[in-house]
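Below is one structure; the comments refer to it alone.
The values are calculated or read from the model by the stated rules, or taken from the named source; none is laboratory data. Keep in mind it's a predicted model, so treat the numbers as computed, not measured. Methodologically, a virtual Cβ is constructed for each residue, glycine included, from the backbone with ideal geometry; neighbour enumeration extends over all protein chains shown. The protein model used for the area step is the full one, side chains on, heavy atoms only, and it has no ligands, DNA or RNA in it. Shrake-Rupley method; radii C 1.70, N 1.55, O 1.52, S 1.80 Å.
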Amino acid sequence: MMNECIRSFIERLSPDYTTVISKGDRSMKRFEESFGEWMVKRRWWIIVATAVVVVTAASGAQFLTFNRDNRVFFSKENPQLLALEALENTYTKNQNVLFAIAPKKGNVFTRETLAAVEELTEASWKMPYSSRVDSITNFQHTRAEEDELIVKNLIQNAESLSDADLERIKKIALSDPLLTNRLISPSGHVTGVNVNILLPGESVDEVTEVTAFAREMADDLRQKYPGIDIYLTGGIIIDNGFGEASQDDMSTLVPAMFFMLLIITGLALRSFTGTFATLIIIVSSMFTGLGLAGWLGISLNVASAIAPTIILTLAVADSIHILTTMFHQMHLGKAKREAIAESIRINLWPVFLTSATTAIGFLTMNFSDAPPFRDLGNIVAMGVIAAFVYSVLLLPALMALLPVRVKPKAECDCDCCSCNSLAAFVINRRKLVFWATLVVIVVLTAGTLRIELNDNVIKYFSERYDIRKSTDFMEENLTGSDVIEYSLESGETGGINNPEYLAKVEEFANWYRKQPKVVHVNAITDTMKRLNKNMHGDDKSYYRIPERRDLAAQYLLLYEMSLPFGLDLNNQINVDKSATRMIVTLKGTTTREQREMDEKAREWLKADAPERMFTYGSGLPIIFAHISERNINSMLGASFGALVLISGILIFALRSFRLGLVSLIPNLAPAFMAFGLWGMIVGRVGLGLSVIVSLTLGIVVDDTVHFLSTYLRARREHDMDPSDAIRDSFNTVGNAMWVTTVVLVAGFLVLSFSGFKLNSDMGLMTAITITLALALDFLFLPTLLMKVEEKNR
């Protein structure tokens, strides 16, 4: 009984296709016919009007700026970012430039190398926005002389040091836990100069300014000391690398994409006029999207910088469908203007639907937890909408004006005879094709079970970038690039001098030192133990935490009063001395390993430390470690919402509840199949792939919409049976589907050549998804339609 009710309800929503064309169909047909005719008649007005719109919109590009700060990936509401900002407001911001100095003879402790380090240390104070410089030369070494605490640079006047001095300095440096695996390698073959930078945030060029200054310093030092190799890395340099990678993509990938589109479009259309008009449309769409972004105050960043390439790629599809249909009509013997009007009649509604669904897919990226993807989605959505407007207005006007020559084809009534053969194969082998395709869908989708959320930020850069080479060298020879920071509360003013608090901090630090891939732990307890030893005549047996609170406070005060300007303890101790900062440095870790490490640390604090000391790990690497997970969670909900909205649009547009539901499978399955294939081959999914479902959902709908729209026209207007309607769909839009897919895949494959992994992975995955979508639209969708039709007879 329930099944009969449901069947009756569906039949009322989806009347038989062989019925007389409804009033809505007639109204739409009249509008499409009159719109196409109006287009041809008003061609000059349309060309002038759209030219004004393009120039006005594109002029906003002058206001575009480029944001190089990698914190742009984190929303203001990101809890890990809020925790980091709170920690930085308590202590200091941990943005740096690090010079890794590697003497070619493999020994840092020579007069020449130490003189170079000393010179670089002094010069680094002049770097723009520098607030602190740390190296082995200005390390504040402490020793006792009778009852006096002596605090001074470990190395002074390096060129005049004796062999005995060099040996003494080497012994001190390699045995001090504050230096080893941080500013000096355990073997003494590489050392570092770390410059802390406090950017005022008043200009977008601050990162570039610091990087340029640091590079000039490194070049000068290389010339003066040819026996020393210098590698430049650090947070500021990485930030600048984000910007350079993006600008590199824009300067290489956009021209490459443009050239590729020129070739593919020319080969597909075999018409100079059609190719020329298409290029005008896609370039206008790209500049409109970028210009509107400038007017709206959207700044470009490492993710949104690929928007021009994506717009160029997507904008071609509309033009290809319209021009392919136009040439098809001319092959059938129609005059140019009649062919243009008929092409608009056939494609206006499908092109509108595909543009709308594509824009919706990209607009759902506004739900991303990473603002750069929001910017990317908005810029591309504006470009896609502009492409639709220009394709249905400017393109027909240009084609009506420009000369077009097409010879009628009497021997074949379709432009794609291979499509006719494919249609015959699918129709005649429908059961085999259906079940074979279904098995492939299930098998590939099962590969998603092998996916893990994992990333490595420095691996975003390909090895052709200096920042990647320098950071890899630093990790292999000096220290790690990933840090986890903790602000450990004592619960009272001056509480950091409490021996019980210090003992617990020391216990936590020692626990971390035993963990895999941890290369350095910077805790205040190392300084406290050294001071206690110094104040007991440098007796090694007193290298431990002071037993009394008042002694710890006195030692710390005496030490702070002896420190030179710029090398105080404000980066480790808060103002009222109620908390200290502990920095854990890790080497060669992935984001999954960082998340697991922080989780284990929280478990230790919860089980073995006072409740007041419990805290979460912070730092930029930790935020990046969580961002892909947070982004996928936020985008899943957005993708579901987009799916519901797009499905509703298709049900309304196709005026068929049944076909609207049928369309879900070929629209959703490609993304899951692509992720499954990725899981089988790669296994690791990071930030760049967390938006793929939303990014591709609107794109893969395009071919489905064109195929279903043509299928319904054949059923409703020409009273064809399902098999003939499917054959007609292959013959009418099959060629355009092939061409647009080739264009889209080529465009996104160009992105896969990006030197920035976030963009290259996104481009490759999107290309795979679109390829699978075409396969499903050609193989699974027709057989599914015939199966549904057979059950409803």
**Study point:** Unique match (being out of contact with any helix residue (DSSP H, G or I) (no Cβ under 9 Å at 6 or more places or on another chain), among the basic types (K, R) and open to solvent by 30 Å² or more (accessible area, probe 1.4 Å)) among K105, K171
**Key:** K171
Practice item. Quick one: count up the residues across region 530-549 that are touching a residue at least 24 places away in the same chain (Cβ under 8 Å), charged (D, E, K, R) and in a helix (DSSP H, G or I). Key: 2
Check your understanding: Of all the residues that make up region 365-389, how many are farther than 15 Å from T766 by Cβ and part of a helix (DSSP H, G or I)?
Key -> 16
**Study point:** Test result for A381, closer than 30 Å to L712 by Cα and open to solvent by 10 Å² or more (accessible area, probe 1.4 Å)
**Key:** no
**Study point:** Answer from A773, A767 - the residue that is modelled with pLDDT of 85 or more, assigned to a helix (DSSP H, G or I) and surrounded by 24 or more Cβ atoms within 10 Å (Cβ to Cβ)
**Key:** A773
Check your understanding: within 30 Å of L178 (Cβ to Cβ) and open to solvent by 40 Å² or more (accessible area, probe 1.4 Å): does that describe E596?
Key -> yes
Review point. Would region 661-672 turn up any residue that is at pLDDT 80 or above and more than 30 Å from R716 (Cα to Cα)?
Key: yes
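Please find, within region 124-154, the residue that is modelled with the lowest pLDDT out of those that are basic (K, R) and assigned to a strand (DSSP E or B).
Per the stated criteria, the residue is R143.
Name the single residue that is farthest from I496 (Cα to Cα) among those in region 551-563 being assigned to a helix (DSSP H, G or I) and in contact (Cβ under 8 Å) with a residue 12 or more places away in the chain.
Within region 551-563, the subset assigned to a helix (DSSP H, G or I) is 551-562.
Then keep just the ones that are in contact (Cβ under 8 Å) with a residue 12 or more places away in the chain; that gives 551-553, 555-556, 558-559, 562.
Numbers: L551: 12, A552: 9, A553: 9, Y555: 12, L556: 10, L558: 15, Y559: 15, S562: 19 Å.
Here the residue is S562.
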**Study point:** The listed residue being buried (at least 23 other Cβ atoms within 10 Å of the Cβ) and part of a helix (DSSP H, G or I), out of F672, F730
**Key:** F730
Practice item. Considering each residue of region 179-199, count those that are surrounded by fewer than 20 Cβ atoms within 10 Å (Cβ to Cβ) and within 37 Å of the chain's Cα centre (by Cα), and give that number. Key: 7
Practice item. Considering each of H328, H321 in turn, give the residue that is over 19 Å from S285 (Cα atoms) and touching a residue at least 24 places away in the same chain (Cβ under 8 Å). Key: H328
Exercise for review: Confirm whether V685 is out of contact with any helix residue (DSSP H, G or I) (no Cβ under 6 Å at 6 or more places or on another chain) and open to solvent by less than 10 Å² (accessible area, probe 1.4 Å).
Suggested key: yes
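Conditions tested, residue by residue: (1) over 20 Å from V662 (Cα atoms); (2) open to solvent by less than 50 Å² (accessible area, probe 1.4 Å).
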{"residue": "A423", "(1), (2)": "no, yes"}
{"residue": "N428", "(1), (2)": "yes, no"}
{"residue": "V433", "(1), (2)": "no, yes"}
{"residue": "L438", "(1), (2)": "no, no"}
{"residue": "I441", "(1), (2)": "no, yes"}
{"residue": "G447", "(1), (2)": "yes, yes"}
{"residue": "N456", "(1), (2)": "yes, yes"}
{"residue": "K459", "(1), (2)": "yes, no"}
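If we scan region 115-125, do we find a residue that is in contact with a His (Cβ under 6 Å, 6 or more places away or on another chain), over 30 Å from G243 (Cβ atoms) and either of a type outside the set (D, E, K, R) or surrounded by fewer than 16 Cβ atoms within 10 Å (Cβ to Cβ) (or both)?
no
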Point to revise | Residue list for region 54-85, restricted to those being assigned to a helix (DSSP H, G or I), touching a residue at least 12 places away in the same chain (Cβ under 8 Å) and of a type in the set (A, V, I, L, M, F, W, C) | key: V54, A57, A58, A61, F63, V72, F73, L81, A83, L84
Exercise for review: Go through the residues of region 154-162 one by one and say whether even a single one is surrounded by 15 or more Cβ atoms within 10 Å (Cβ to Cβ), among the aliphatic types (A, V, I, L, M) and under 37 Å from the mean Cα position of the chain (by Cα).
Suggested key: no
Check your understanding: When you look at M257, is it hydrophobic (A, V, I, L, M, F, W, C) and open to solvent by less than 40 Å² (accessible area, probe 1.4 Å), yes or no?
Key -> yes
Review point. Here are some residues: T56, T50. Which one is modelled with pLDDT of 85 or more, open to solvent by 30 Å² or more (accessible area, probe 1.4 Å) and polar (S, T, N, Q)?
Key: T56
Check your understanding: So, in region 496-529, of the ones that are charged (D, E, K, R) and free of Cβ contacts under 8 Å to residues at least 40 places away in the same chain, which residue ends up surrounded by the fewest Cβ atoms within 10 Å (Cβ to Cβ)?
Key -> K514
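Quick grid of which residues meet (1) open to solvent by less than 10 Å² (accessible area, probe 1.4 Å); (2) closer than 30 Å to A625 by Cβ; (3) touching a strand residue (DSSP E or B) at 6+ places or on another chain (Cβ under 9 Å); (4) not β-branched (V, I, T):
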position: N301; (1), (2), (3), (4): yes, yes, yes, yes
position: P308; (1), (2), (3), (4): yes, no, no, yes
position: Q329; (1), (2), (3), (4): no, no, no, yes
position: R345; (1), (2), (3), (4): no, no, no, yes
position: G377; (1), (2), (3), (4): yes, yes, no, yes
Check your understanding: Among all residue pairs at least 6 apart or on different chains, which show Cβ distances below 9 Å where the first residue, located in region 763-782, is closer than 12 Å to F707 by Cα and the second is open to solvent by less than 10 Å² (accessible area, probe 1.4 Å) and not in a helix (DSSP H, G or I)?
Key -> L781/S663
Check your understanding: Q223 fails exactly one of the following numbered conditions: (1) open to solvent by 70 Å² or more (accessible area, probe 1.4 Å); (2) under 30 Å from V745 (Cβ atoms); (3) among the polar types (S, T, N, Q). What is the number of that condition?
Key -> (2)
Practice item. Return yes when L149 is open to solvent by less than 30 Å² (accessible area, probe 1.4 Å), under 41 Å from the mean Cα position of the chain (by Cα) and in contact (Cβ under 8 Å) with a residue 60 or more places away in the chain and no when it is not. Key: no
